[in-house]
Amino acid sequence: MAVGHEGQEIMIKDALVFLVAAGLVVPILRALKLPAVVAFILAGVALGPSGFSAFSEQVPVLEYLTISDPAAAAPFAELGVLFLLFLLGLELSFQKLWALKRTVFGAGTMQVLLSAMVIGYTAYLLGQPPAAAAIIGLALALSSTAIVMQVLTEKKLAAGPVGRTSLGVLLFQDIMVAPILIFVGFTASQSDAGLVTVLGQALLNGLIALLAIFLIGRFLLRHLFRLAAHAGGRDFLMAITLLTVVGASVITANAGLSLALGAFLAGLLLGETEFKHQTEIDLEPFKGLLLGLFFLTVGLAIDLGVVIENWPIVFGGLLALLIVKALIAVIAIRIFSGTWPVAFESAALLAPAGEFAFVILGAGLAAGTLLGETTTLLTAIVALSMLIITISWRGGIWLAERITPAGESHPLPNDFSDVEGHVIVAGFGRVGRAVAHILDRENAEIVGLETNPNTVAKHRREGWHVYFGDGGRQEVLERAGLAQAGLVVVTLDDATRAESMVKAARLGRPDVPILARARDADHARSLYTAGATFVIPDAIEAGLQMSARALVEMGYETETVRALIASERETEYQMADENVEKPDED
């Protein structure tokens, strides 16, 4: 080994091990139907100090197959969390965020304070000093922003009620990180300054930081991105995007707030510009890889030796933590921001501990308030709880389904007069759900109609405004707010039912745009005759998608494929319109 390069060689070796895990180990675990988050955490356990590395003395080659310096990966792992929160901010809007105020300051406050009090008091009863018990309670009261939002994003539920509710509570937790760390430092401080004074100064610094980010985002961000787009296209856009994410995070970090909060606010502000979608596409691969590194570091933190040696304490503490936090979260969410099903599902996501617990426990250990043995046990409990988040979430879904009344049909309410410009989606199957999801991301108000009660119940649990009703009946459309609707989308592939829906909508609103789905040219002709404004034939789109995949497999670049398909799509629709005789317009 070259003198002076030992650290570099270890870093390069660890980077190779991570790439092997991301490119080989995790896909194998994913093939076993494990979620990506769980796969990365398990890979971290296997490649960490208590995994294969424990046998490196007997089998020296294992030293080259494990991660030697987990701490070196921490800064890169943090970037993954920043990108996740940044992209999450892009998906939201200030209107949606303002709608979360009851969740953030109501449910969030109640969940954090009550959880911290109950857990802290339990730790005090178990023999911890008051200051140490308070730190333990505050650390374990927090949840995992990275894993919870990644799981919801993967399932495309981040913008639904469970996603918004969970995000609201998590945002309050992120805001609380700075005061908690100040308190931890205060427990070891000999300063004459009072805790209230220190917290007041921190609050002032935080408000100044948030104001600075808001002003930069409002008056400078759009112009910077336009300049980058004109100067050099995607390369410069990527550079300015990275500057935005890291810069906003540095501002909040210097004010004592969390890095993730700055990234989220930057995404929120950029989401108001025309560069939102391009930024999402450019950052998606980086987010996935860096988040994988973060989840890998969670697995590295699980010390199997400690878990096995103290298994009654570790698993007993884990079970108690999940029960206490879940009960408190259910009550808080039900009071302030959700139905019972949403409360149970959100609470199941929030019950496990989170990544900031590692930071707070580490600060408590450095301050001398927590003992090393206590910190080691708590770290194991935190890491294991993060590992089972997807399992606890499924338990929450199961409970939510159990408390939903069987056979509930969810009929339309009597009055939709307070809704205007909304989109009526008639048929809420796979196609209808896909249309609704995209329109919802652009802040459109969706009212869904569906005749399958099981489908209605399922999507209502996910937070969609879906009701039981036949869109082919004019009185149903009237109850769904046809008079105030901005668009009607008919997604059924049943020719007769789709045609009756289009006729009913056109009869009720001669001026409303109607977008319909057709199986073929004959079906499209019938829908145009019935009054559809525009028809999308399935056959055309299926052919285009298959052609796109064929071109990719043949080695064509993604941008080239997009251009070819866009050109062919325009040609196909022009031909379809020429072949379909539309009714004369008055």
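Values as computed for the structure displayed
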item: Unmet criterion (only one of (1) assigned to a loop (DSSP other than H, G, I, E, B); (2) modelled with pLDDT under 75; (3) buried (at least 16 other Cβ atoms within 10 Å of the Cβ)) for ALA73; result: (1)
item: Hey, GLN484 in contact with a helix residue (DSSP H, G or I) (Cβ under 6 Å, 6 or more places away or on another chain) and not small (Gly, Ala, Ser) or not; result: no
item: Lone unmet requirement of (1) more than 24 Å from ILE180 (Cα to Cα); (2) without any contact (Cβ under 8 Å) to a residue 60 or more places away in the chain for LEU125; result: (1)
item: Segment 51-74, residues that are within 29 Å of the chain's Cα centre (by Cα) and among the aliphatic types (A, V, I, L, M); result: ILE67, ALA71, ALA72, ALA73, ALA74
item: Residue in segment 467-480 that is over 30 Å from ALA400 (Cβ atoms), without any contact (Cβ under 8 Å) to a residue 12 or more places away in the chain and of a type outside the set (Lys, Arg) present; result: yes
item: Test: ALA524 is surrounded by 21 or more Cβ atoms within 10 Å (Cβ to Cβ) and over 30 Å from TRP98 (Cα atoms); result: yes
item: Residue among LEU125, LEU84, LEU88, LEU140 that alone is surrounded by 24 or more Cβ atoms within 10 Å (Cβ to Cβ) and at pLDDT 90 or above; result: LEU140
item: When residues of segment 457-473 are limited to those that are over 29 Å from the mean Cα position of the chain (by Cα) and among the charged types (D, E, K, R), the one surrounded by the most Cβ atoms within 10 Å (Cβ to Cβ); result: ASP470
item: Inter-residue pairs, beta-carbon under 8 Å, first at negative phi and in contact (Cβ under 8 Å) with a residue 40 or more places away in the chain and in segment 481-502, second surrounded by 23 or more Cβ atoms within 10 Å (Cβ to Cβ) and aromatic (Phe, Trp, Tyr), 6+ apart; result: THR491/PHE428
item: Evaluation of VAL476 against (1) over 29 Å from ILE397 (Cβ atoms); (2) out of contact with any Asp or Glu (no Cβ under 7 Å at 6 or more places or on another chain); (3) crowded, with 17+ Cβ neighbours inside 10 Å (one fails), failing number; result: (2)
item: Condition met for PRO341 (in a helix (DSSP H, G or I) and crowded, with 20+ Cβ neighbours inside 10 Å); result: yes
item: Any hit, segment 48-61, residues being of a type in the set (A, V, I, L, M) and not in a helix (DSSP H, G or I); result: yes
item: Set LEU361, LEU349: member being more than 19 Å from ARG394 (Cβ to Cβ), crowded, with 18+ Cβ neighbours inside 10 Å and assigned by TED's automatic domain parsing to the domain that holds GLN150; result: LEU361
item: Verdict on GLY299 being in contact (Cβ under 8 Å) with a residue 24 or more places away in the chain, crowded, with 22+ Cβ neighbours inside 10 Å and not assigned by TED's automatic domain parsing to the domain that holds ILE360; result: yes
item: Test: residue in segment 135-153 that is without any contact (Cβ under 8 Å) to a residue 24 or more places away in the chain, assigned by TED's automatic domain parsing to the domain that holds ALA347, part of a helix (DSSP H, G or I) and touching a helix residue (DSSP H, G or I) at 6+ places or on another chain (Cβ under 9 Å); result: yes
item: Filtered residues of segment 436-455 (kept if out of contact with any Gly (no Cβ under 6 Å at 6 or more places or on another chain) and either in a loop (DSSP other than H, G, I, E, B) or surrounded by 21 or more Cβ atoms within 10 Å (Cβ to Cβ) (or both)); result: ALA436, GLU442, ASN443, ALA444, GLU445, VAL447, GLY448, GLU450, THR451, ASN452
item: Residues of segment 12-34 satisfying the condition of being surrounded by fewer than 12 Cβ atoms within 10 Å (Cβ to Cβ) and not in a helix (DSSP H, G or I); result: LEU32, LYS33
item: Considering residues of segment 524-565 that are within 30 Å of the chain's Cα centre (by Cα) and of a type in the set (Gly, Ala, Ser) only, the residue farthest from ILE514 (Cα to Cα); result: ALA548
item: The listed residue being farther than 25 Å from GLY271 by Cβ and under 30 Å from the mean Cα position of the chain (by Cα), out of VAL423, VAL431; result: VAL431
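The values are calculated or read from the model by the stated rules, or taken from the named source; none is laboratory data. It should be emphasised that the depicted structure is a prediction, and the values quoted were computed from it without experimental measurement. Glycine gets a Cβ as well: all are built from the backbone with ideal geometry, and neighbour counts include every protein chain shown.
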